[in-house]
Structure formats: structure tokens, C-alpha cells
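Data block below; observations after.
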Amino acid sequence: MDIKELLRQYASGERNFIGISLKNANLIGINLSGANLSNSNLRYAELHGANLQRAILKGVILEGANLRYVMLDEADLSNADLTDMLN
């Protein structure tokens, strides 16, 4: 799934994006509040300023991702891979 399709589905009310691959994706400032991204690949994603409040990020690979200024209030990061992330 590409970012444009992800945003289209999110805008139409979809919140389940389990296991998607957004490796190296430019997600600067994206709003995915409340989305379920469990077991997704966000390795080296650019998430600067993204809104991931209340998101389910269980088992997400965030290795090398830029999480600077990301809103993670009430997000579930259990078992997430946060290796070498930029903050």
C-alpha cells in the first residue's frame, strides 16, 4: 500500500493497517491517530511531527526511524523495535 492510499483509507474511516510496509516512507506530519499499525515495517521512515496518538504500534519495526516531535500520547509501543531511531 502506498501513502496516498493509506491516507485515503484513513480519511474514509479505516483504522486497521496491520502488517503494512512503509519502509523508508516520508510520513512527515502525517495524522494516523488511533490507527492500528501492529506488526508493520516503518524501518527508516521519516515520521517527524506525525500524530500517532492512541495508535497501536505493537511489534512495529521502527529501526532507524525519525521520531522527532512525534505525538505518541497513549500509543501502545509494546514489543516495538526502536533500534537506532532518531529522536
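When you count the other C-beta atoms within 10 angstrom of each residue and take the mean per peptide, 71-81, 30-40, 55-65 line up highest first as 55-65, 30-40, 71-81. When all alpha-carbon pairs of the chain are counted, what percent fall beyond 17 Å? Tail of the P(r) past 17 Å holds 37 percent of the pairs. Among the chymotrypsin sites (Phe, Trp or Tyr not before Pro) found in the stretch 1-69, those both in a DSSP coil and sparsely packed, with 14 or fewer other Cβ atoms within 10 Å of their Cβ, are Tyr69. Positive end of the dipole of the chain (Cβ unit charges, origin at the Cα centre): among Val70, Leu22, Leu6, the Cα lying farthest that way belongs to Leu6.
Every number here is computed from the coordinates shown, using simple stated rules; none is lab data. As the structure is a prediction and not an experimental result, all values here were calculated from the model. Cβ atoms come from the backbone with ideal geometry, glycine included; neighbour counts cover every protein chain shown.
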